[in-house]
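The values are calculated or read from the model by the stated rules, or taken from the named source; none is laboratory data. Here the structure is a predicted model, which means the values were calculated and not measured. For neighbour counting, all protein chains shown are included, and Cβ atoms are generated from backbone atoms with ideal geometry for every residue, glycine included.
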Amino acid sequence: MAGIDLGLQLVVALVQIVVGIVFSMGSIYIALRLFDKFTTGIDEWKEMKKGNKAVGILLAGIIISIALVVESGVTNLTQGVQPNLGPEVLLIVFVIGLLNLLISVLAAVVSVYIAIRVLDWITTDVDEMAELKKGNQAVAIMMFAVLVAVSFVIKGAVTKITDIVNAIEILKLVGA
């Protein structure tokens, strides 16, 4: 019997890994596409194909920033997958987990967008996008640092929100 429990736990853990990978990569993809729409004057993917390291540094900063913020949403989504839950309860857990993920992706994308806009507003004598297009790695590193710092700061708030909308806690409240 213990072997079955261990095997089931392993299957659940593998499902959690797959769900985590799919949704975290999906979140990063969506965030990068939205960022691409928000920025004007630069085609990030064209610059990447040309080998523009400055743009690569900025996109790495965006990916890390998004991942830091989205982590709580993905965690809440995957933690809800438990072997002892029935299909209806699993569906509820999944929907609540998706809501958490949506909240965290939205917060991550909005925070990246606001951080870049505020940075642009603060640094009136530097056109960041033009500098990135020229390959200015110093500007890219500074933008990278700002994005990661902002994501660390808002991660706590997003985690708090996703903890409130936590499937496991909601199920405890309704007695499921």
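At a glance:
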{"read-out": "Residues that are hydroxyl-bearing (S, T, Y) and without any contact (Cβ under 8 Å) to a residue 24 or more places away in the chain, drawn from the stretch 101-133", "value": "T123, T124"}
{"read-out": "Some residue of the stretch 117-135 being closer than 23 Å to K155 by Cα and surrounded by 19 or more Cβ atoms within 10 Å (Cβ to Cβ)", "value": "no"}
{"read-out": "Every residue from the stretch 21-41 that is within 16 Å of the chain's Cα centre (by Cα) and at positive phi", "value": "none"}
{"read-out": "Residue pairs meeting the criteria (Cβ under 7 Å; at least 6 apart or on separate chains; first in contact (Cβ under 8 Å) with a residue 40 or more places away in the chain, in the stretch 39-65; second of a type in the set (D, E))", "value": "V55/E44; V55/E47"}
{"read-out": "Selection status of L132, farther than 14 Å from S151 by Cα and modelled with pLDDT under 85", "value": "no"}
{"read-out": "Which listed residue is free of Cβ contacts under 8 Å to residues at least 12 places away in the same chain and on the phi < 0 side of the Ramachandran plot, from N84, N136", "value": "N84"}
{"read-out": "Residue in the stretch 58-79 that is of a type outside the set (F, W, Y), more than 19 Å from the chain's Cα centre (by Cα) and surrounded by fewer than 16 Cβ atoms within 10 Å (Cβ to Cβ) present", "value": "no"}
